[in-house]
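Student: Before anything else, here's the structure in question.
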Amino acid sequence: MISISIVLPIHNEANNLRELLTSWNLALIENEIDHEFVLVEDGSTDGTKDLISKLETIFPIINLSQKQKRGYSKAVVDGITHSKKNFILCTDSDNQIKVSSLIENLINLPNENEFLIGYRNPRKDPWNRLLYSKLFKILHSVLFNSKLIDPSCPFVLGLNSTFKKLDKKKLLFMKEGFWWGFIGLSISRNIKFVQKPIKHYPRIEGEAGYKLKNLLGIIFRNIYGLIKIKFN
């Protein structure tokens, strides 16, 4: 039997979370997949913490809630660290990626030293997020020559042992753009990537893009983070 830890960073997703876990849990049971949800709740203020406590009685959950906001990158790293199953899937909790993308790729489970990464086809994000990604991809290609279609896609599947080969400290060099740094660090460790198209849906609840006033700082921090990963 396949066993998978689903790592979900969560911040203020009270309106999404029950539907998300219900659909994923049902599909995983129907496909006879042993699974756990690693919920890395991150300082939510909308009742998400209380909701997770209730959902723990229904679904197989590892609850990593905390009061202080740790940030997306630290949330993903904490989720990977606490995952117990043979495979780990890291994805987002905003319901833009559905469980069908995992089910469709069960025949493509990666080997040791290999990750399966999705590319959103088409991508349903706001224009400012799309613009940032297109521009940042140019720098990322120069530094790492990844040749990936969508190097910031939050759909990464691999063996637990492969994820845990990566240096946690270096993964945290990227405060916001975690997947850019993750790919760069993986390439430096000679870990391969297999790309598969996944369906991407518009976000119905919550914020889907960076605020323009924060974008300049995010860009500079992520450039600095990528350079540290490349040369450290």
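The values are calculated or read from the model by the stated rules, or taken from the named source; none is laboratory data. Since the model is a prediction, treat every value here as computed from it, not as a measurement. Positions of Cβ are generated from backbone atoms using ideal geometry, with glycine treated the same way; all protein chains shown enter the neighbour counts.
Student: Is it the case, given these coordinates, that residue 185 is assigned to a loop (DSSP other than H, G, I, E, B), at pLDDT 95 or above and closer than 25 Å to residue 78 by Cα? Working first, answer last.
Tutor: Details: assigned to a loop (DSSP other than H, G, I, E, B): no; at pLDDT 95 or above: yes; closer than 25 Å to residue 78 by Cα: yes.
Judged against the criteria, residue 185 is not a match.
Student: Is one or more of the residues making up segment 191-202 of a type in the set (Lys, Arg) and in a loop (DSSP other than H, G, I, E, B)?
Tutor: For segment 191-202, residues of a type in the set (Lys, Arg) and in a loop (DSSP other than H, G, I, E, B): present.
Student: If you go through segment 150-167 one residue at a time, do you hit one that is surrounded by 15 or more Cβ atoms within 10 Å (Cβ to Cβ), in contact with a His (Cβ under 9 Å, 6 or more places away or on another chain), of a type in the set (Gly, Ala, Ser) and closer than 25 Å to residue 85 by Cα?
Tutor: Yes, segment 150-167 has at least one match.
Student: I would also like to ask the following. May I ask you to list the residues in segment 13-56 that are under 21 Å from residue 179 (Cα atoms), touching a Ser or Thr at 6+ places or on another chain (Cβ under 6 Å) and not charged (D, E, K, R)?
Tutor: Result: 38, single match.
Student: Suppose the filter is crowded, with 19+ Cβ neighbours inside 10 Å, in contact (Cβ under 8 Å) with a residue 40 or more places away in the chain, more than 20 Å from residue 152 (Cα to Cα) and among the polar types (S, T, N, Q); does residue 73 pass it?
Tutor: Working: crowded, with 19+ Cβ neighbours inside 10 Å: yes; in contact (Cβ under 8 Å) with a residue 40 or more places away in the chain: yes; more than 20 Å from residue 152 (Cα to Cα): no; among the polar types (S, T, N, Q): yes.
When the stated conditions are applied, residue 73 does not pass them.
Student: Quick check on this structure: which one of 80, 97 is touching a Pro at 6+ places or on another chain (Cβ under 9 Å), of a type outside the set (Phe, Trp, Tyr) and crowded, with 19+ Cβ neighbours inside 10 Å?
Tutor: On the way: 80 fails: touching a Pro at 6+ places or on another chain (Cβ under 9 Å).
Exactly one of 80, 97 is touching a Pro at 6+ places or on another chain (Cβ under 9 Å), of a type outside the set (Phe, Trp, Tyr) and crowded, with 19+ Cβ neighbours inside 10 Å, namely 97.
Student: Can you tell me which residues in segment 120-134 are farther than 13 Å from residue 215 by Cα and either at pLDDT 90 or above or charged (D, E, K, R) (or both)?
Tutor: 120, 121, 122, 123, 124, 125, 134
Student: Only one of (1) loosely packed, with under 13 Cβ neighbours inside 10 Å; (2) on the phi > 0 side of the Ramachandran plot; (3) at pLDDT 95 or above fails for residue 113. Which number is that?
Tutor: Result: residue 113 fails condition (1) only.
Student: Moving to a separate point now. Out of the residues in segment 35-76 that are of a type in the set (A, V, I, L, M) and within 17 Å of residue 3 (Cβ to Cβ), which is nearest to the chain's Cα centre (by Cα)?
Tutor: Filtering segment 35-76 for residues of a type in the set (A, V, I, L, M) gives 38-40, 51-52, 55, 58, 61-62, 64, 75-76.
When the remaining residues are screened for being within 17 Å of residue 3 (Cβ to Cβ), the result is 38, 61-62.
Working: 38: 12, 61: 17, 62: 16 Å.
Checked segment 35-76; the qualifying residue nearest to the chain's Cα centre (by Cα) is 38.
Student: Mind telling me which of the residues 65, 23, 93 ends up being among the small types (Gly, Ala, Ser), closer than 27 Å to residue 167 by Cα and touching a residue at least 40 places away in the same chain (Cβ under 8 Å)?
Tutor: Values: 65 fails: touching a residue at least 40 places away in the same chain (Cβ under 8 Å); 23 fails: closer than 27 Å to residue 167 by Cα.
Just a single option satisfies the conditions, and that option is 93.
Student: Tell me, please, whether a residue that is among the small types (Gly, Ala, Ser) and either surrounded by fewer than 14 Cβ atoms within 10 Å (Cβ to Cβ) or under 19 Å from the mean Cα position of the chain (by Cα) (or both) can be found in segment 26-34.
Tutor: The answer is no, given that none of the residues of segment 26-34 is among the small types (Gly, Ala, Ser) and either surrounded by fewer than 14 Cβ atoms within 10 Å (Cβ to Cβ) or under 19 Å from the mean Cα position of the chain (by Cα) (or both).
Student: Taking segment 100-110, which residues are part of a loop (DSSP other than H, G, I, E, B) and buried (at least 20 other Cβ atoms within 10 Å of the Cβ)? Show your work before the answer.
Tutor: Our first condition is that a residue be part of a loop (DSSP other than H, G, I, E, B); within segment 100-110, this holds for 105, 109-110.
Listed by number, the list holds a single entry, 110.
Student: Going through segment 146-171 one residue at a time, which ones are modelled with pLDDT of 95 or more, in a loop (DSSP other than H, G, I, E, B) and more than 14 Å from the chain's Cα centre (by Cα)?
Tutor: The answer is 148, 149, 164, 165, 166, 167.
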